[in-house]
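The values are calculated or read from the model by the stated rules, or taken from the named source; none is laboratory data. As the structure is a computational prediction, the values presented were derived from the model and not from experiment. Virtual Cβ from ideal backbone geometry, glycine too; neighbours counted across all protein chains shown. These area figures cover heavy atoms from the full protein model, side chains too; ligands, DNA and RNA do not enter into them. Shrake-Rupley method; radii C 1.70, N 1.55, O 1.52, S 1.80 Å.
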Amino acid sequence: MFTPTSSIVQGDTIRFKEAVFAGSFRSPKFVGERTITAKGLKESYGGEKQQHTFTLEIIACEGIEPLTSGTVTRRKGRNIYRNGTEREAWADEEARRSVASEKHARGDVARAAREERKNGYDRF
């Protein structure tokens, strides 16, 4: 059973919708949506801009231009969270809380480092 979530961690099985576009990146045309169910294999924060990125293994996909099950793909967190995200409960939610704590600690460190860089640039 899937429930709404605002935080995904490595190991989560998630479901989300994303827009599908055709044409070039300079003039994209919206053609519809697809719903993706995937397992979170990895996640990371970009050092420069704190762009949270997830590596996902596709379990199922429905809608426009569906992705093949078993395919591994990457998505930015902002795109996963954009239209609402759901996750399946873990058999051991305490283990998930531990993974989430570690993830949030890394995010805190990344944000602090960015703030330090930003403040350092202001001095010149």
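Think of each Lys and Arg Cβ as +1 and each Asp and Glu Cβ as -1; about the Cα centre, that makes the dipole of region 9-124 roughly 580 debye.
Computed extension length for Glu57-Lys118: 18.5 nm, one decimal, from 0.36 nm per residue of separation with the Cα-Cα distance subtracted. Rolling a 1.4 angstrom probe over the protein heavy atoms with all chains in place gives region 1-96 an accessible area of 60 Å² per residue. Report, as a whole number in µm² per second, the diffusion coefficient that Stokes-Einstein gives for the chain at 10 °C and 1.306 mPa s using the Kirkwood radius over alpha carbon pairs. After rounding, the answer is 99 µm²/s. When the surface is traced with a 1.4 Å probe over the full set of protein chains, Val72 keeps roughly 90 Å² accessible. In the context of the full protein assembly, Tyr81 retains an accessible surface of approximately 70 Å², using a probe radius of 1.4 Å and ignoring ligands and nucleic acids.
When a 1.4 Å probe is rolled over the protein heavy atoms, the share of accessible surface on the chain that falls to carbon and sulfur comes to 52 percent. All C-alpha to C-alpha distances of region 71-124, sorted into 5 Å bins beginning at zero, yield P(r) values of 4, 13, 11, 19, 21, 13, 9, 5, 3, 1, 0 percent in whole numbers.
DSSP loop GluC sites (Glu not before Pro) in region 1-57 with at most 10 other Cβ atoms within 10 Å of their Cβ, which ones?
Glu48
Dipole orientation for the chain: of the candidates Ala105, Gln51, Pro28, Pro28 has the Cα lying most toward the positive pole (charges on Cβ; Lys, Arg +1; Asp, Glu -1).
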